[in-house]
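Inspection log for the structure reproduced underneath, given as C-alpha coordinates.
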Amino acid sequence: MSLNNLTITKALECLDKKEFSSVELTQECQKAMDAHKDLNCFITDTPERALNDAKASDERRATGKSIGKLDGIPMAIKDLFCTKGIQTTAGSNILKGFVPEYESTVTQKMWDAGAVCLGKVSCDEFAMGSANITSAYGDVINPWKHKNDPSKKLVPGGSSGGSSAAVAAGLCLGATGTDTGGSIRQPAALTGICGVKPTYGRASRWGTVAFASSLDQAGVFARSVSDCALFLETICGHDEKDSTSANMNVPEWSKMITGDVQKDIKGMKIGIPKEYKIDGIRPETQKIWDQGVAWLKEQGAQIVDISLPHTQYALPAYYILAPAEASSNLARYDGLRYGYRAPDPKNLDDMYERTRGTGFGEEVKARIMVGTYVLSAGYYDAYYIKAQRLRRLIYNDFVNAFKQCDAILTPATPGAAFSKDEKSKDPLDMYLEDVFTVSANIAGIPGMSVPAGLTDNGLPLGLQILGAHWDE
Ligand code: GLN
(Lines give C-alpha, C1' and ligand atoms only; values in the text may rest on other atoms or scores of the structure.)
Protein backbone atom coordinates (compact mmCIF):
# COMPACT_ATOMS: atom_id res chain seq x y z
CA MET A 1 0.00 0.00 0.00
CA SER A 2 1.29 3.47 -0.82
CA LEU A 3 2.30 5.49 2.23
CA ASN A 4 -0.35 8.17 1.69
CA ASN A 5 -3.11 5.53 1.98
CA LEU A 6 -2.02 4.22 5.39
CA THR A 7 -4.13 4.79 8.46
CA ILE A 8 -2.76 7.24 11.05
CA THR A 9 -2.32 4.38 13.53
CA LYS A 10 -0.29 2.29 11.09
CA ALA A 11 1.79 5.25 9.89
CA LEU A 12 2.70 6.16 13.50
CA GLU A 13 3.81 2.58 14.12
CA CYS A 14 6.02 2.63 11.00
CA LEU A 15 7.44 6.08 11.82
CA ASP A 16 8.40 4.81 15.28
CA LYS A 17 10.10 1.79 13.74
CA LYS A 18 11.90 4.13 11.28
CA GLU A 19 10.48 2.24 8.30
CA PHE A 20 10.08 5.61 6.59
CA SER A 21 10.38 9.23 7.61
CA SER A 22 7.72 11.89 8.00
CA VAL A 23 9.37 13.74 5.09
CA GLU A 24 8.84 10.68 2.86
CA LEU A 25 5.26 10.28 4.04
CA THR A 26 4.56 13.98 3.50
CA GLN A 27 6.07 13.90 0.01
CA GLU A 28 3.83 10.94 -0.92
CA CYS A 29 0.80 12.99 0.15
CA GLN A 30 2.03 15.97 -1.83
CA LYS A 31 2.45 13.76 -4.93
CA ALA A 32 -1.12 12.56 -4.49
CA MET A 33 -2.27 16.19 -4.09
CA ASP A 34 -0.60 17.02 -7.43
CA ALA A 35 -2.06 13.96 -9.14
CA HIS A 36 -5.59 14.75 -7.92
CA LYS A 37 -5.83 18.47 -8.60
CA ASP A 38 -9.01 17.63 -10.56
CA LEU A 39 -10.80 16.94 -7.25
CA ASN A 40 -10.24 20.60 -6.28
CA CYS A 41 -9.83 19.75 -2.59
CA PHE A 42 -7.31 22.39 -1.56
CA ILE A 43 -7.87 26.15 -1.57
CA THR A 44 -4.37 26.85 -0.21
CA ASP A 45 -1.55 24.34 -0.03
CA THR A 46 1.46 25.01 2.17
CA PRO A 47 4.27 22.85 0.70
CA GLU A 48 7.19 24.55 2.50
CA ARG A 49 5.44 24.58 5.83
CA ALA A 50 4.60 20.87 5.38
CA LEU A 51 8.20 19.88 4.70
CA ASN A 52 9.48 21.98 7.59
CA ASP A 53 6.95 20.39 9.94
CA ALA A 54 7.94 16.93 8.69
CA LYS A 55 11.68 17.61 9.08
CA ALA A 56 11.16 18.88 12.61
CA SER A 57 9.19 15.73 13.43
CA ASP A 58 11.91 13.47 12.00
CA GLU A 59 14.49 15.30 14.11
CA ARG A 60 12.38 14.82 17.23
CA ARG A 61 12.25 11.08 16.54
CA ALA A 62 15.96 10.86 15.73
CA THR A 63 17.04 12.68 18.87
CA GLY A 64 14.60 10.89 21.19
CA LYS A 65 12.72 14.09 22.07
CA SER A 66 9.15 13.79 23.30
CA ILE A 67 6.82 12.70 20.56
CA GLY A 68 3.26 13.99 20.18
CA LYS A 69 0.21 11.86 19.47
CA LEU A 70 0.14 12.86 15.81
CA ASP A 71 3.88 13.36 15.35
CA GLY A 72 4.82 13.46 11.68
CA ILE A 73 1.28 12.79 10.34
CA PRO A 74 0.29 14.93 7.30
CA MET A 75 -3.11 16.53 7.79
CA ALA A 76 -5.47 18.85 5.95
CA ILE A 77 -7.43 21.65 7.63
CA LYS A 78 -10.93 22.75 6.69
CA ASP A 79 -10.63 26.37 5.58
CA LEU A 80 -12.91 27.44 8.41
CA PHE A 81 -10.17 27.12 11.05
CA CYS A 82 -8.01 30.21 11.37
CA THR A 83 -4.35 29.42 10.78
CA LYS A 84 -1.77 32.05 11.69
CA GLY A 85 -0.04 33.41 8.58
CA ILE A 86 -2.04 31.17 6.21
CA GLN A 87 -5.00 32.47 4.21
CA THR A 88 -8.36 31.44 5.72
CA THR A 89 -11.38 31.94 3.43
CA ALA A 90 -14.33 29.92 4.84
CA GLY A 91 -14.94 29.14 1.15
CA SER A 92 -16.07 32.75 0.64
CA ASN A 93 -14.99 35.62 -1.57
CA ILE A 94 -15.55 37.98 1.31
CA LEU A 95 -12.57 36.45 3.13
CA LYS A 96 -10.31 36.23 0.08
CA GLY A 97 -6.86 37.34 1.15
CA PHE A 98 -7.66 37.20 4.88
CA VAL A 99 -4.53 36.02 6.70
CA PRO A 100 -5.27 35.51 10.41
CA GLU A 101 -2.97 36.85 13.12
CA TYR A 102 -3.94 33.94 15.33
CA GLU A 103 -4.28 30.16 15.35
CA SER A 104 -7.52 28.34 16.21
CA THR A 105 -7.32 26.24 19.37
CA VAL A 106 -8.09 23.02 17.46
CA THR A 107 -5.28 23.48 14.94
CA GLN A 108 -2.87 24.69 17.64
CA LYS A 109 -3.49 21.42 19.49
CA MET A 110 -2.68 19.50 16.31
CA TRP A 111 0.61 21.32 15.78
CA ASP A 112 1.45 20.84 19.47
CA ALA A 113 0.87 17.10 18.91
CA GLY A 114 3.36 17.17 16.01
CA ALA A 115 0.97 17.03 13.03
CA VAL A 116 2.20 18.20 9.61
CA CYS A 117 0.18 20.96 7.90
CA LEU A 118 -0.45 20.19 4.21
CA GLY A 119 -2.77 23.16 3.70
CA LYS A 120 -6.36 24.33 3.79
CA VAL A 121 -9.16 22.38 2.17
CA SER A 122 -12.33 23.68 0.58
CA CYS A 123 -15.78 23.79 2.13
CA ASP A 124 -19.20 25.18 1.33
CA GLU A 125 -19.26 28.94 1.83
CA PHE A 126 -19.35 29.60 5.59
CA ALA A 127 -20.12 25.87 5.95
CA MET A 128 -23.59 26.29 4.47
CA GLY A 129 -24.38 23.34 2.25
CA SER A 130 -24.46 19.57 1.87
CA ALA A 131 -22.55 19.07 -1.37
CA ASN A 132 -19.57 21.42 -1.46
CA ILE A 133 -21.04 23.31 -4.40
CA THR A 134 -21.39 26.73 -2.72
CA SER A 135 -17.66 27.40 -2.28
CA ALA A 136 -16.40 30.51 -4.09
CA TYR A 137 -13.35 28.43 -5.05
CA GLY A 138 -15.19 25.89 -7.19
CA ASP A 139 -16.89 22.56 -6.59
CA VAL A 140 -15.06 19.70 -4.89
CA ILE A 141 -15.36 16.34 -6.65
CA ASN A 142 -15.91 13.00 -4.91
CA PRO A 143 -13.11 10.51 -5.74
CA TRP A 144 -15.72 7.70 -5.94
CA LYS A 145 -17.14 6.89 -9.39
CA HIS A 146 -20.61 5.65 -10.34
CA LYS A 147 -20.12 2.10 -11.68
CA ASN A 148 -22.28 2.51 -14.80
CA ASP A 149 -21.51 6.15 -15.46
CA PRO A 150 -17.90 6.77 -14.38
CA SER A 151 -17.64 10.13 -16.15
CA LYS A 152 -20.45 11.59 -14.00
CA LYS A 153 -18.99 13.96 -11.39
CA LEU A 154 -20.36 13.26 -7.92
CA VAL A 155 -20.42 15.58 -4.92
CA PRO A 156 -18.32 14.65 -1.85
CA GLY A 157 -21.02 15.88 0.54
CA GLY A 158 -20.74 19.07 2.50
CA SER A 159 -19.98 21.35 3.98
CA SER A 160 -16.65 19.67 4.81
CA GLY A 161 -16.38 18.17 1.30
CA GLY A 162 -12.74 19.19 0.76
CA SER A 163 -11.82 17.37 3.97
CA SER A 164 -13.76 14.19 3.16
CA ALA A 165 -12.59 13.98 -0.48
CA ALA A 166 -8.96 14.61 0.55
CA VAL A 167 -9.01 11.80 3.13
CA ALA A 168 -10.90 9.41 0.81
CA ALA A 169 -8.47 10.06 -2.08
CA GLY A 170 -5.37 9.60 0.11
CA LEU A 171 -4.16 13.22 -0.14
CA CYS A 172 -3.76 13.29 3.65
CA LEU A 173 -4.16 10.84 6.54
CA GLY A 174 -6.78 12.86 8.36
CA ALA A 175 -8.56 16.20 8.17
CA THR A 176 -10.45 18.52 10.46
CA GLY A 177 -14.08 19.35 9.85
CA THR A 178 -16.92 21.25 11.46
CA ASP A 179 -20.46 20.01 11.89
CA THR A 180 -23.39 22.39 12.42
CA GLY A 181 -26.11 20.14 11.03
CA GLY A 182 -24.21 17.16 9.61
CA SER A 183 -21.20 18.58 7.80
CA ILE A 184 -18.84 15.91 9.11
CA ARG A 185 -21.11 12.86 9.18
CA GLN A 186 -22.79 13.42 5.80
CA PRO A 187 -19.58 13.91 3.72
CA ALA A 188 -17.88 11.06 5.59
CA ALA A 189 -20.77 8.80 4.53
CA LEU A 190 -20.70 9.94 0.90
CA THR A 191 -16.95 9.34 0.56
CA GLY A 192 -16.72 6.05 2.48
CA ILE A 193 -14.65 7.21 5.46
CA CYS A 194 -15.20 7.80 9.21
CA GLY A 195 -16.17 11.15 10.66
CA VAL A 196 -16.98 12.20 14.23
CA LYS A 197 -18.72 15.22 15.65
CA PRO A 198 -18.18 15.26 19.43
CA THR A 199 -20.55 16.58 22.10
CA TYR A 200 -21.12 20.33 21.85
CA GLY A 201 -18.50 21.95 24.06
CA ARG A 202 -15.89 19.15 23.74
CA ALA A 203 -13.75 20.94 21.15
CA SER A 204 -13.07 24.64 21.36
CA ARG A 205 -14.71 26.88 18.77
CA TRP A 206 -12.11 29.59 19.35
CA GLY A 207 -10.55 30.75 16.10
CA THR A 208 -13.07 28.85 13.96
CA VAL A 209 -15.14 30.97 11.60
CA ALA A 210 -18.65 30.97 13.09
CA PHE A 211 -21.75 29.80 11.22
CA ALA A 212 -24.35 29.04 13.94
CA SER A 213 -22.52 29.22 17.25
CA SER A 214 -24.92 27.13 19.36
CA LEU A 215 -24.71 24.26 16.84
CA ASP A 216 -21.14 24.48 15.44
CA GLN A 217 -18.74 21.81 16.63
CA ALA A 218 -15.29 20.86 15.35
CA GLY A 219 -14.48 17.23 14.68
CA VAL A 220 -12.38 14.84 12.63
CA PHE A 221 -12.22 12.74 9.47
CA ALA A 222 -10.00 9.69 9.09
CA ARG A 223 -9.96 6.26 7.44
CA SER A 224 -10.57 4.18 10.58
CA VAL A 225 -12.44 4.40 13.86
CA SER A 226 -9.18 4.06 15.83
CA ASP A 227 -7.69 6.96 13.87
CA CYS A 228 -10.73 9.10 14.65
CA ALA A 229 -10.44 8.25 18.35
CA LEU A 230 -6.78 9.26 18.47
CA PHE A 231 -7.26 12.40 16.39
CA LEU A 232 -10.34 13.47 18.37
CA GLU A 233 -8.65 13.15 21.76
CA THR A 234 -5.90 15.41 20.41
CA ILE A 235 -8.17 18.31 19.44
CA CYS A 236 -10.66 18.22 22.36
CA GLY A 237 -10.37 19.78 25.80
CA HIS A 238 -11.34 22.79 27.83
CA ASP A 239 -10.38 26.20 26.47
CA GLU A 240 -10.97 29.31 28.50
CA LYS A 241 -11.02 31.36 25.30
CA ASP A 242 -14.37 29.73 24.35
CA SER A 243 -17.10 30.38 26.93
CA THR A 244 -19.08 27.35 25.71
CA SER A 245 -16.13 24.98 26.02
CA ALA A 246 -16.81 22.38 28.71
CA ASN A 247 -14.44 21.85 31.59
CA MET A 248 -14.39 18.06 31.25
CA ASN A 249 -11.62 15.52 31.12
CA VAL A 250 -10.97 14.10 27.68
CA PRO A 251 -10.88 10.29 27.88
CA GLU A 252 -8.29 8.40 25.85
CA TRP A 253 -10.82 6.97 23.43
CA SER A 254 -8.09 5.31 21.35
CA LYS A 255 -7.22 3.07 24.31
CA MET A 256 -10.85 2.00 24.78
CA ILE A 257 -10.91 0.19 21.43
CA THR A 258 -9.61 -3.24 22.37
CA GLY A 259 -9.53 -4.70 18.86
CA ASP A 260 -11.91 -7.44 20.02
CA VAL A 261 -15.19 -6.31 18.46
CA GLN A 262 -17.35 -8.78 20.37
CA LYS A 263 -15.86 -7.74 23.69
CA ASP A 264 -16.45 -4.07 22.89
CA ILE A 265 -20.03 -4.51 21.70
CA LYS A 266 -21.45 -7.44 23.67
CA GLY A 267 -24.30 -6.44 25.98
CA MET A 268 -24.65 -2.94 24.57
CA LYS A 269 -28.17 -1.72 24.01
CA ILE A 270 -28.62 -0.20 20.56
CA GLY A 271 -31.70 1.92 19.94
CA ILE A 272 -33.49 1.99 16.59
CA PRO A 273 -35.74 5.06 16.37
CA LYS A 274 -39.01 4.33 14.57
CA GLU A 275 -39.34 7.94 13.37
CA TYR A 276 -36.20 7.56 11.21
CA LYS A 277 -37.98 5.05 8.95
CA ILE A 278 -39.08 7.90 6.69
CA ASP A 279 -40.69 7.70 3.23
CA GLY A 280 -37.77 9.26 1.36
CA ILE A 281 -35.32 6.55 2.45
CA ARG A 282 -33.88 4.58 -0.50
CA PRO A 283 -34.30 0.78 -0.42
CA GLU A 284 -30.52 0.29 -0.50
CA THR A 285 -30.13 2.60 2.50
CA GLN A 286 -32.75 0.62 4.37
CA LYS A 287 -30.89 -2.59 3.43
CA ILE A 288 -27.58 -1.27 4.79
CA TRP A 289 -29.32 -0.17 8.00
CA ASP A 290 -30.88 -3.66 8.42
CA GLN A 291 -27.48 -5.25 7.79
CA GLY A 292 -25.95 -2.99 10.45
CA VAL A 293 -28.61 -4.08 12.95
CA ALA A 294 -28.04 -7.76 12.11
CA TRP A 295 -24.26 -7.38 12.46
CA LEU A 296 -24.58 -5.70 15.86
CA LYS A 297 -26.89 -8.51 17.02
CA GLU A 298 -24.30 -11.07 15.94
CA GLN A 299 -21.71 -9.30 18.08
CA GLY A 300 -23.99 -9.68 21.09
CA ALA A 301 -25.70 -6.27 21.16
CA GLN A 302 -29.29 -6.02 22.26
CA ILE A 303 -31.53 -4.13 19.83
CA VAL A 304 -34.26 -1.96 21.36
CA ASP A 305 -37.02 -0.08 19.56
CA ILE A 306 -37.07 3.52 20.68
CA SER A 307 -39.03 6.64 19.83
CA LEU A 308 -37.77 10.16 19.21
CA PRO A 309 -41.22 11.72 18.83
CA HIS A 310 -40.19 15.22 17.75
CA THR A 311 -37.90 14.07 14.91
CA GLN A 312 -40.12 15.55 12.19
CA TYR A 313 -39.56 19.04 13.64
CA ALA A 314 -35.76 18.85 13.66
CA LEU A 315 -35.17 19.97 10.10
CA PRO A 316 -37.61 22.94 10.20
CA ALA A 317 -36.25 24.01 13.61
CA TYR A 318 -32.68 23.78 12.30
CA TYR A 319 -33.45 25.87 9.22
CA ILE A 320 -34.77 28.63 11.50
CA LEU A 321 -32.12 28.50 14.24
CA ALA A 322 -29.06 28.12 11.98
CA PRO A 323 -29.90 31.04 9.63
CA ALA A 324 -30.89 33.22 12.63
CA GLU A 325 -27.49 32.73 14.24
CA ALA A 326 -25.71 32.99 10.89
CA SER A 327 -27.34 36.34 10.09
CA SER A 328 -25.98 37.69 13.35
CA ASN A 329 -22.52 36.09 13.04
CA LEU A 330 -22.03 37.24 9.46
CA ALA A 331 -22.87 40.88 10.26
CA ARG A 332 -19.17 41.37 11.03
CA TYR A 333 -18.14 41.08 7.36
CA ASP A 334 -18.55 44.72 6.48
CA GLY A 335 -15.55 45.45 4.28
CA LEU A 336 -13.74 47.25 7.11
CA ARG A 337 -12.28 44.45 9.14
CA TYR A 338 -11.54 41.33 7.11
CA GLY A 339 -10.51 40.33 3.61
CA TYR A 340 -12.44 41.74 0.69
CA ARG A 341 -13.75 45.30 0.18
CA ALA A 342 -15.69 46.38 -2.96
CA PRO A 343 -13.57 48.82 -5.00
CA ASP A 344 -14.20 52.58 -5.27
CA PRO A 345 -17.05 53.03 -2.79
CA LYS A 346 -19.05 56.25 -3.15
CA ASN A 347 -19.79 56.43 0.56
CA LEU A 348 -19.98 54.16 3.63
CA ASP A 349 -23.40 52.68 2.80
CA ASP A 350 -22.32 51.95 -0.75
CA MET A 351 -19.19 50.23 0.59
CA TYR A 352 -21.18 48.00 2.96
CA GLU A 353 -23.80 47.16 0.36
CA ARG A 354 -21.48 46.31 -2.49
CA THR A 355 -18.96 44.49 -0.28
CA ARG A 356 -21.67 42.23 1.12
CA GLY A 357 -23.63 42.11 -2.16
CA THR A 358 -20.68 40.86 -4.20
CA GLY A 359 -18.61 39.24 -1.42
CA PHE A 360 -21.23 36.68 -0.33
CA GLY A 361 -22.62 33.97 -2.60
CA GLU A 362 -26.31 33.17 -3.22
CA GLU A 363 -26.78 30.51 -0.51
CA VAL A 364 -25.22 32.71 2.17
CA LYS A 365 -27.34 35.70 1.17
CA ALA A 366 -30.49 33.56 1.22
CA ARG A 367 -29.68 32.37 4.72
CA ILE A 368 -28.95 35.90 5.97
CA MET A 369 -32.35 36.99 4.64
CA VAL A 370 -34.16 34.05 6.28
CA GLY A 371 -32.22 34.70 9.50
CA THR A 372 -33.04 38.40 9.70
CA TYR A 373 -36.68 37.63 8.87
CA VAL A 374 -37.15 35.07 11.66
CA LEU A 375 -35.43 37.40 14.12
CA SER A 376 -37.39 40.51 13.10
CA ALA A 377 -39.69 42.03 15.73
CA GLY A 378 -42.89 40.93 13.99
CA TYR A 379 -41.91 37.29 13.44
CA TYR A 380 -39.58 36.52 16.35
CA ASP A 381 -42.27 34.80 18.45
CA ALA A 382 -43.79 32.94 15.53
CA TYR A 383 -40.52 31.45 14.25
CA TYR A 384 -37.44 31.87 16.41
CA ILE A 385 -39.06 31.33 19.82
CA LYS A 386 -41.06 28.38 18.50
CA ALA A 387 -37.90 26.80 17.08
CA GLN A 388 -36.15 27.26 20.43
CA ARG A 389 -39.03 25.47 22.16
CA LEU A 390 -38.78 22.63 19.67
CA ARG A 391 -35.08 22.49 20.39
CA ARG A 392 -35.79 21.69 24.03
CA LEU A 393 -38.31 18.99 23.08
CA ILE A 394 -35.81 17.36 20.69
CA TYR A 395 -33.15 17.50 23.40
CA ASN A 396 -35.57 15.83 25.86
CA ASP A 397 -36.33 13.10 23.28
CA PHE A 398 -32.66 12.08 23.32
CA VAL A 399 -32.27 12.33 27.09
CA ASN A 400 -35.26 9.98 27.45
CA ALA A 401 -34.06 7.63 24.69
CA PHE A 402 -30.66 7.21 26.34
CA LYS A 403 -32.40 5.91 29.46
CA GLN A 404 -33.30 2.88 27.33
CA CYS A 405 -30.19 2.40 25.20
CA ASP A 406 -26.43 3.09 25.08
CA ALA A 407 -26.27 4.24 21.47
CA ILE A 408 -28.59 4.83 18.54
CA LEU A 409 -28.06 3.45 15.03
CA THR A 410 -29.51 5.21 11.97
CA PRO A 411 -28.53 5.79 8.36
CA ALA A 412 -26.21 8.80 7.95
CA THR A 413 -27.86 10.02 4.73
CA PRO A 414 -31.00 9.12 2.75
CA GLY A 415 -28.88 7.89 -0.20
CA ALA A 416 -25.41 7.79 -1.78
CA ALA A 417 -23.40 10.56 -3.49
CA PHE A 418 -25.28 12.42 -6.23
CA SER A 419 -24.36 14.77 -9.06
CA LYS A 420 -24.61 18.52 -8.67
CA ASP A 421 -27.62 18.98 -10.99
CA GLU A 422 -29.62 16.20 -9.32
CA LYS A 423 -30.28 18.34 -6.24
CA SER A 424 -29.30 21.93 -6.86
CA LYS A 425 -32.59 23.08 -8.41
CA ASP A 426 -34.77 22.86 -5.32
CA PRO A 427 -33.09 23.97 -2.07
CA LEU A 428 -35.45 21.77 -0.05
CA ASP A 429 -34.11 18.70 -1.83
CA MET A 430 -30.64 19.60 -0.61
CA TYR A 431 -31.84 20.42 2.92
CA LEU A 432 -33.34 16.89 3.12
CA GLU A 433 -29.80 15.48 2.94
CA ASP A 434 -29.51 16.50 6.62
CA VAL A 435 -32.67 14.78 7.78
CA PHE A 436 -30.77 12.18 9.85
CA THR A 437 -27.97 14.42 11.11
CA VAL A 438 -29.38 17.77 12.30
CA SER A 439 -31.02 16.43 15.47
CA ALA A 440 -27.65 15.63 17.05
CA ASN A 441 -26.57 19.27 16.71
CA ILE A 442 -29.88 20.54 18.03
CA ALA A 443 -29.50 18.29 21.10
CA GLY A 444 -25.71 18.76 21.36
CA ILE A 445 -24.99 15.00 21.42
CA PRO A 446 -22.03 13.26 19.73
CA GLY A 447 -22.44 11.50 16.40
CA MET A 448 -20.30 9.47 14.07
CA SER A 449 -20.59 8.11 10.57
CA VAL A 450 -18.91 4.82 9.66
CA PRO A 451 -18.68 3.22 6.22
CA ALA A 452 -21.26 0.43 6.05
CA GLY A 453 -21.36 -0.90 2.51
CA LEU A 454 -21.76 -0.09 -1.17
CA THR A 455 -24.82 0.51 -3.33
CA ASP A 456 -25.41 -1.51 -6.52
CA ASN A 457 -23.71 1.37 -8.33
CA GLY A 458 -20.58 0.88 -6.24
CA LEU A 459 -20.99 4.00 -4.09
CA PRO A 460 -20.41 4.07 -0.33
CA LEU A 461 -23.14 4.43 2.28
CA GLY A 462 -22.59 5.25 5.94
CA LEU A 463 -24.36 4.42 9.17
CA GLN A 464 -24.66 6.98 11.93
CA ILE A 465 -24.08 6.16 15.58
CA LEU A 466 -25.38 8.66 18.11
CA GLY A 467 -24.35 8.71 21.74
CA ALA A 468 -25.51 10.43 24.93
CA HIS A 469 -23.85 13.73 25.95
CA TRP A 470 -20.13 13.19 26.78
CA ASP A 471 -20.35 9.51 25.81
CA GLU A 472 -18.22 9.56 22.65
N1 GLN B 1 -26.05 21.02 5.39
C2 GLN B 1 -26.38 21.79 6.55
C3 GLN B 1 -26.53 23.24 6.16
O4 GLN B 1 -26.47 23.52 5.03
C5 GLN B 1 -25.35 21.59 7.61
C6 GLN B 1 -24.09 22.31 7.35
C7 GLN B 1 -23.08 22.12 8.43
O8 GLN B 1 -23.16 21.19 9.23
N9 GLN B 1 -22.12 23.04 8.46
O10 GLN B 1 -26.73 24.08 6.98
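Tabulated values for the structure
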{"item": "Matching residues in the range 208-239 - criterion: being within 14 Å of the ligand (Cβ to nearest atom) and more than 27 Å from residue 328 (Cβ to Cβ)", "result": "221"}
{"item": "Pair list, Cβ < 6 Å and 6+ apart or interchain, from the range 33-44 residues that are under 13 Å from residue 140 (Cα atoms) to residues that are surrounded by fewer than 17 Cβ atoms within 10 Å (Cβ to Cβ)", "result": "40/138"}
{"item": "Residue in the range 337-353 that is within 16 Å of the ligand (Cβ to nearest atom), among the aromatic types (Phe, Trp, Tyr) and more than 15 Å from residue 98 (Cβ to Cβ) present", "result": "no"}
{"item": "Total residues in the range 97-128, condition in a strand (DSSP E or B) and on the phi > 0 side of the Ramachandran plot", "result": "1"}
{"item": "Helices (runs of 4 or more DSSP H) lying entirely in the range 1-74 (those with 2 or more residues that are in contact with a Pro (Cβ under 8 Å, 6 or more places away or on another chain))", "result": "22-35, 47-62"}
{"item": "Selection count where residues are assigned to a loop (DSSP other than H, G, I, E, B), in contact (Cβ under 8 Å) with a residue 40 or more places away in the chain and among the acidic types (Asp, Glu), scope the range 404-435", "result": "1"}
{"item": "From the options 182, 177, residue that is outside any loop (DSSP other than H, G, I, E, B) and touching a strand residue (DSSP E or B) at 6+ places or on another chain (Cβ under 9 Å)", "result": "177"}
{"item": "Matching option when the condition is of a type in the set (Asp, Glu), under 18 Å from residue 110 (Cα atoms) and at pLDDT 95 or above, among 38, 34, 45", "result": "45"}
{"item": "Pick from the range 248-263, criterion within 21 Å of residue 7 (Cα to Cα) and part of a helix (DSSP H, G or I), ranking: farthest from the chain's Cα centre (by Cα)", "result": "261"}
{"item": "Qualifying residue in the range 186-205 (condition: assigned to a loop (DSSP other than H, G, I, E, B), without any contact (Cβ under 8 Å) to a residue 24 or more places away in the chain and touching a helix residue (DSSP H, G or I) at 6+ places or on another chain (Cβ under 7 Å))", "result": "no"}
{"item": "Enumeration of residues in the range 131-163 that are within 12 Å of the ligand (Cβ to nearest atom) and touching a residue at least 40 places away in the same chain (Cβ under 8 Å)", "result": "131, 132, 133, 134, 155, 157, 159, 160, 163"}
{"item": "Flag if residue 401 is hydrophobic (A, V, I, L, M, F, W, C), touching a strand residue (DSSP E or B) at 6+ places or on another chain (Cβ under 9 Å) and more than 16 Å from the ligand (Cβ to nearest atom)", "result": "yes"}
{"item": "Hey, residue 94 at pLDDT 95 or above, among the β-branched types (Val, Ile, Thr) and either in a strand (DSSP E or B) or surrounded by fewer than 24 Cβ atoms within 10 Å (Cβ to Cβ) (or both) or not", "result": "no"}
{"item": "Any hit, the range 129-144, residues being under 19 Å from the mean Cα position of the chain (by Cα) and not in a loop (DSSP other than H, G, I, E, B)", "result": "no"}
{"item": "Residues (in contact with a Leu (Cβ under 6 Å, 6 or more places away or on another chain), under 23 Å from residue 111 (Cα atoms) and within 13 Å of the ligand (Cβ to nearest atom)) located in the range 176-207", "result": "178"}
{"item": "Qualifying residues in the range 355-377 (those that are over 23 Å from residue 345 (Cα atoms) and among the aliphatic types (A, V, I, L, M)) - the one surrounded by the most Cβ atoms within 10 Å (Cβ to Cβ)", "result": "374"}
{"item": "Sole residue being surrounded by 15 or more Cβ atoms within 10 Å (Cβ to Cβ) and not hydrophobic (A, V, I, L, M, F, W, C), chosen from 323, 283, 343", "result": "323"}
{"item": "Filter result for the condition that a residue is among the aliphatic types (A, V, I, L, M), farther than 30 Å from residue 383 by Cβ and in contact (Cβ under 8 Å) with a residue 24 or more places away in the chain, over 336, 232, 321", "result": "232"}
{"item": "Members of the range 38-57 that are farther than 21 Å from residue 171 by Cβ and either within 26 Å of the chain's Cα centre (by Cα) or among the acidic types (Asp, Glu) (or both)", "result": "none"}
{"item": "In the range 404-438, the residues that are in contact with a Phe, Trp or Tyr (Cβ under 8 Å, 6 or more places away or on another chain) and within 12 Å of the ligand (Cβ to nearest atom)", "result": "413, 431, 434, 436, 438"}
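Every residue, every condition in (1) more than 22 Å from residue 461 (Cβ to Cβ); (2) at pLDDT 95 or above, yes or no:
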{"residue": "387", "(1), (2)": "yes, yes"}
{"residue": "392", "(1), (2)": "yes, yes"}
{"residue": "402", "(1), (2)": "yes, yes"}
{"residue": "406", "(1), (2)": "yes, yes"}
{"residue": "412", "(1), (2)": "no, yes"}
{"residue": "417", "(1), (2)": "no, yes"}
{"residue": "429", "(1), (2)": "no, no"}
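Each row is one residue, and each column tells you yes or no for (1) more than 26 Å from residue 2 (Cβ to Cβ); (2) among the hydrophobic types (A, V, I, L, M, F, W, C).
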| position | (1), (2) |
| --- | --- |
| 169 | no, yes |
| 173 | no, yes |
| 197 | yes, no |
| 213 | yes, no |
| 224 | no, no |
| 230 | no, yes |
| 233 | yes, no |
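Okay, residues lined up against (1) acidic (Asp, Glu); (2) closer than 25 Å to residue 395 by Cβ; (3) away from the ligand (no atom under 16 Å from the Cβ):
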{"position": "296", "(1), (2), (3)": "no, no, yes"}
{"position": "303", "(1), (2), (3)": "no, yes, yes"}
{"position": "308", "(1), (2), (3)": "no, yes, yes"}
{"position": "311", "(1), (2), (3)": "no, yes, yes"}
{"position": "314", "(1), (2), (3)": "no, yes, no"}
{"position": "320", "(1), (2), (3)": "no, yes, no"}
{"position": "327", "(1), (2), (3)": "no, yes, no"}
{"position": "333", "(1), (2), (3)": "no, no, yes"}
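The values are calculated or read from the model by the stated rules, or taken from the named source; none is laboratory data. Since the model is a prediction, treat every value here as computed from it, not as a measurement. Every residue, glycine as well, gets a Cβ built from its backbone with ideal geometry; the counts of neighbours run over all protein chains shown.
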